[in-house]
Structures are given as structure tokens and as C-alpha cells.
Amino acid sequence: MKSFQYTITLLSFLLFCTPALAADSDVLYVMLQGPSSVGLAALVEEEGGTVTHDLPIINAVGAKLDRKQLQEILKSPLVTRHIDDLSSVEEPIETPQEIETCKIRGHIELDFIPSGIQWRLYNKQTSPASMERLELTWPATLGHVTKIAIADTTVAPALYDAAALGTLVIDFPASHRPQLKDLDKLTVSFERATPKTVQSPLRQRDFTLKATFAEGCATDLVPGYVNNHEDFYYNSAAGVDALHRQGITGKGVTVAVVDSGLWEHDALVNDTTGRNRVLARYDALTDTLDSEVVDESGHGTHMSSIIAHSGKTKHNGRPTGSYKGVAPDANLVAVKVLDREGLAHVLEIVRAIQWVVDNREKYAIRILNLSFAQTPRWAYWEDPVNQAVIKAWESGIAVVAAAGNEGPGVETIGSPGNIPDIITVGAVTDSWTPNNRDDDYIPDFSSRGPTPSGHVKPDIVALGGHMTGLIRPESAMALGQPEDMLRTGEFVLTGSSQASALVSGILALLLQLEPSLTPDDIKCKLITSAEPAINRDGLLAYSPFQQGYGYVTATRALLFGHTDCGGAGFDLVVDTGDDDHFYGPTIIEEDGSPSLPELRNRVSSELSEKGLSATRRWGVKEHIEQRSAATVDSAHPNAMPFDWQKLYLQEKAVIDNLARDALPDSPSSP
């Protein structure tokens, strides 16, 4: 085995930071760093250049210069570092969805019509798509299929007349394959009308549909949630709803959302009492304050909705006492840094974070949500965005960042999530079953560690699969992904962005109860209460590079979280200097794979299932109780690397003590 301290910056520098050869007259967009941003700005102006960004948070300026001006400026001892490849072409930020190789999508909702069902299909290719195969299952109570129509084409009954009750598969002859243009509908009629009564309602999950097109491109109907408009479900799955019912709603805590802006929707602008809770709006693209930060992308609104949507959750039309956002009474500060396409410039991200830090006391900002991830271009201590984020953390702001959507490969954690101290969040999906965690798993897209400097990331995982929220109807995402828009106007998105927004909401709940918590305290509460995925044999179902410390929920963070994790053993401010840098514990195995000391004996060699698992459980309680209810394989007698039973008893004691404290005092004996 060898140390992980290798090729940290050289390759990324050669790939991303080597400026193209340019004539002296060519315009360069440059970042200059040194002891003082004031001195650097004076240098730029003396040489006739233009200061585009004043960034004292990292002792830097952005400037527009020609090559000759830059060469003169670099002669000054005031310049200790420069980057001259920061052109006006922005680098892409993490997309909120998995990368699509198939450009045909079925709508997230199934439509029920009197004669049967209808499913909207979207062809995003430039040419018609030829359907090769159709698979369908349905409740037998509806009888046999009587008609299938795709767009304007009625499928020949001979292709499905012999199908068994409740299931059919059609392989279309090459000469009779339905052609999908842009938006078309698949309509299926049954012998018996679809019932509409409350006593026997049909649900989307009662049906399965899969349409396969040329070159293996396929789209499936998702199971969906029941009445997703009234209930977004992630608050019940994340243990948030119980806190809402106790009045824990994030009141008095401010979350700064650095993203693409904010849609001025009542449920986002106002809290649960109708009070306006958006304290400030700052546009880092134009460096303007207190004008509407129009969300052209849609991403920022969706993050803010997950964090703070103040609409009531309902069941059969009746309020449940919970809300749709995680912290519906939290204050918001909306900072725009992403454009319509979800792109951002490095220096504008730094400017956005600087504004948040400069105004943290004015608006009582305690949490900074960064639901984006860029491919690291520098070592984490050299990255200008990371340097600003480190200053935010040191100033007392808890920073939550997305791990990224570049999995399942190792070393895919994005920046700024590769900073050791901040809270980096990967994603879990609930497989559309919020009341059953046995099928919750880490999807392939969620980025994996380690970071290039050998640190274990993500820190935690949280719900990030098919998260419902508000979105500006005219935004690029809403117009570009109509298949993800519910008929009631909400939008459903998947990604580590959504998972990090949920965690930011949880932080607001914790800070309402314990406002004295520091960022380190908060992170400690999360990692000490997180539940790892454990196989029945007692080994970890996922490595720490996949799940970090485990699955986070709000109630566990409150009940079991500690604040005594201790320091990280290094000074972040010193670490961003030139001399002393902090590397993580990762080692490299002989086969070249990253690992940790003794990790091989602690992680199961079996791949964890994508969906329902008979062996994987989240947390010691479910693991121990699963083992107690089943015949346990004793392949590892008395040699288990983890004492799950001890942890189980410790958690049980906490719950028992809370239950005793909640009981009324018993009457005195006569």
C-alpha cells in the first residue's frame, strides 16, 4: 500500500489551468492574489486594466487585462498567485438529474381516463423514435385490454388479444412500429371502466409500463406517490414531520441559498404565519442588492422549496400538522450566481460567498446552502471558491454542499464538497416507498470519495431521490423537462443538490433549539447520529466513500447527536496557505483502489441491491432486530469488527430515559 498524497494538482492544472497562447492584444480574464486586494486593485488600475471583482475574502481581485499588462503586473511582489484562464465562458455546475443517455422520457404521472389510462411520452431526439416493445401490467379487476393507441396509431388487436389477464408484452413488427414525434400519448382502454370511488381507488403503482425504442433506449413509469401535491413525503421519511408538530420549524434561523435565484411564490416568500421571511436578495452576476433575483434556471427555487416551503402537508384534504418544507419558518437570503443554463463563473461564486460572509451578522445567517458541485480544478486549498467557503465556515456559518452527481466512480466528489471540514452530502433514494427503508439505497449518480487529497467524503447521505418542490414555470428546467412537472405545478427532481438542501433544512431545526451550536458542533451532531447501512452479517453494506457516516434524519440528529467530536487536528486558515496542507487517511491498495486501514475487513464484498434488500438495513436498531428475527449466519463468530449490539443498547437506553421523563409523576402512596 502507498500514501494517497499523489498527483493532486498537476493533472488538473495541465487540463484546466494552462492558458491558451494569445497575442499581446488579446483580452484575458485574470484572478490575482496577494497580501492585499486593495494593493492588487491599485496595480491593475496603474497598468490601465479593469478590476472586475473585488474579493478581499480571499485577498484577490478579478481583472480584465491584455497579455502585456499582465506581464507587467506579475513583476510586482504584491502578486503571489495568478490564474489567467478565467475567460467569460462559464464552467458548468452540477446538473440536478442523472446524465441522460436516452432522450425519450415518460411523464412522472399516469393520467386516469374513463376508459383506462393515458401516459404522456416525450421524444427529445431530433428525429422520430420507433417503439420496438411495450410491456404493461394492470389490476385484473379491469379485465382485458380492449384498445391500445400510441399517438395517432391504433395498435393491431392481434398483437395483444392472446395476452394473459393483467399482463402483456408486445414486440412490434418492424413494419408496424409506432413512431413517436415530440409529445405523444399512450392510451390503454380496458373492459371495465377505471373506478373513481374512494373505497377502491386505482393508484399509479398498481400499473407498470415500459416502452423500449431503438438502440435499447427505454423509459419506465415510476410508481409515484399518492397525492404528491398534498404531501411531498420526504419530511416523514426524514423524521421531520414529528418535529413540526412540536413547533420546531426553523423559526429565527436564516439560511443563505447561493444558487440561481428565487421565484416570488407565496409559500417561499412567506412563512407559515404569512410573515415575509426573505431578508435579502443579492445578484452576484450583476453585483446588485434588493432587486428581484429572477430564477431563470429553476434550480435555486427548487432548493429553497425543499428547505423552507411553508405550505401545509395534508392527508385526504386535512392538515397533518406538518409542512412541505423542512424548515418552513426559516428566514431566507436568496443569492443568485447561476444563469439560465445553470452555469457560473468562479469569481462570481466567490463574490456571492463574500457577500454572505460580509452580511452574516446583519441578517443572522447561520447556514449556507451550496447545492452545486464542480469538477475540482485545483487542490482544495488552492481553489478560490473553496478558500471563500473556508472563510465562511471559520466565520461561524455552517456550510452544506452537494457531493455531486458524477458517481458511481471513485474520486468524483465535486468542489466545494471536497473541503474536509464542511458538510458534504450524498444522495439516497426511497424507491417511492417513504414508509419502508428496506428498499432505500444509494443510487449510482451520487458522487463517491475519496477526494484527491485523500479525505473521506461524503460525510453523510440524505434523501435526494425524486424530491418534490416549487419551480418557476417559465424557467429553463421547467420548460426543458416537462415530464417532471406534476399536473398541479410542482416539479420533481433528483440529485445530491436536493439531499444537501434537505440537510440545510435539518440544520435550521437544530439551530432553533440550540442557537449556540457552532458549525463544528452541528457537523458532529449529524455524523454521530447518522445510520450506516449494515448487512445481516454485520459488515457495512457501503464503504465510507459511498455513505460517509450514514443516513441522516432530523429526529436522530436531535436525540442521538453529540457535540464532542473534537477538532479536525488542523487549522483551515493555515491550510489555505503555501506551506502546511492537510491530507486525509486514504491509502491505495495494490490493485490501485482507494481504501482505509482495515477497511477491507469491515465492508461487505457483495454489491448492495438497488432497491428492496433482504439483508441490508439502515442503522443498528433495524440491523439488530433483523438478526433477532432471523437465523443468523455465524460465518464470523466473535470476530466482528463492529459491536453493533453495544450501540443498540446505548440507543435503547436513550429512548428508555426519554420515555421515563415523559411519564407524569406517579401519585404519592397513602
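Which condition does ASP283 not pass, out of (1) over 27 Å from THR494 (Cβ atoms); (2) touching a Phe, Trp or Tyr at 6+ places or on another chain (Cβ under 8 Å), if it passes all the others? Against the list (1) over 27 Å from THR494 (Cβ atoms); (2) touching a Phe, Trp or Tyr at 6+ places or on another chain (Cβ under 8 Å), ASP283 comes up short only on (2).
One line per residue, one yes/no per condition, for (1) crowded, with 21+ Cβ neighbours inside 10 Å; (2) aromatic (Phe, Trp, Tyr):
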{"residue": "GLY449", "(1), (2)": "yes, no"}
{"residue": "VAL461", "(1), (2)": "yes, no"}
{"residue": "MET467", "(1), (2)": "yes, no"}
{"residue": "ILE471", "(1), (2)": "yes, no"}
{"residue": "ILE522", "(1), (2)": "yes, no"}
{"residue": "GLU531", "(1), (2)": "yes, no"}
{"residue": "ARG536", "(1), (2)": "no, no"}
{"residue": "PHE545", "(1), (2)": "yes, yes"}
{"residue": "GLY548", "(1), (2)": "yes, no"}
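On the basis of being open to solvent by less than 40 Å² (accessible area, probe 1.4 Å) and either more than 22 Å from the chain's Cα centre (by Cα) or modelled with pLDDT under 95 (or both), does ASP283 make the cut? When the stated conditions are applied, ASP283 passes them.
Taking SER310, is it open to solvent by less than 10 Å² (accessible area, probe 1.4 Å), modelled with pLDDT of 95 or more and either in contact with a Cys (Cβ under 7 Å, 6 or more places away or on another chain) or among the polar types (S, T, N, Q) (or both)?
Details: open to solvent by less than 10 Å² (accessible area, probe 1.4 Å): no; modelled with pLDDT of 95 or more: yes; either in contact with a Cys (Cβ under 7 Å, 6 or more places away or on another chain) or among the polar types (S, T, N, Q) (or both): yes.
Spelling it out, it is not the case that SER310 is open to solvent by less than 10 Å² (accessible area, probe 1.4 Å), modelled with pLDDT of 95 or more and either in contact with a Cys (Cβ under 7 Å, 6 or more places away or on another chain) or among the polar types (S, T, N, Q) (or both).
Applying the set (1) in contact with a Ser or Thr (Cβ under 7 Å, 6 or more places away or on another chain); (2) aromatic (Phe, Trp, Tyr); (3) within 22 Å of HIS302 (Cα to Cα) to TYR380 leaves exactly one unmet item: (3).
Filter the stretch 522-540 down to the residues that are among the charged types (D, E, K, R) and either on the phi > 0 side of the Ramachandran plot or touching a helix residue (DSSP H, G or I) at 6+ places or on another chain (Cβ under 9 Å) (or both) and list them by number. Can you show your working first?
Looking only at the stretch 522-540, we keep the residues that are among the charged types (D, E, K, R), and these are 523, 525, 531, 536-537.
Residues satisfying the conditions are LYS525, GLU531, ARG536.
Yes/no matrix, rows are residues, columns are (1) under 21 Å from SER446 (Cβ atoms); (2) free of Cβ contacts under 8 Å to residues at least 12 places away in the same chain; (3) in contact with a helix residue (DSSP H, G or I) (Cβ under 7 Å, 6 or more places away or on another chain):
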position: GLU348; (1), (2), (3): no, no, no
position: ILE353; (1), (2), (3): no, no, yes
position: SER371; (1), (2), (3): yes, no, yes
position: ASP383; (1), (2), (3): no, no, no
position: GLN387; (1), (2), (3): no, no, yes
position: ALA392; (1), (2), (3): no, no, yes
position: GLY396; (1), (2), (3): no, no, yes
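Counting only residues that are in a strand (DSSP E or B) and touching a residue at least 60 places away in the same chain (Cβ under 8 Å), which one in the stretch 272-288 is nearest to ASN331 (Cα to Cα)? Applying the filter and picking the extreme gives LEU279.
The number of residues in the stretch 289-307 that are in a loop (DSSP other than H, G, I, E, B), open to solvent by 40 Å² or more (accessible area, probe 1.4 Å) and on the phi < 0 side of the Ramachandran plot comes to 4.
The values are calculated or read from the model by the stated rules, or taken from the named source; none is laboratory data. None of these values were measured; they are calculated from a predicted model. Neighbour counts run over all protein chains shown; Cβ positions are idealised from the backbone, glycine included. All accessible areas refer to the heavy atoms of the entire protein, side chains included, with ligands and DNA or RNA removed. Shrake-Rupley method; radii C 1.70, N 1.55, O 1.52, S 1.80 Å.
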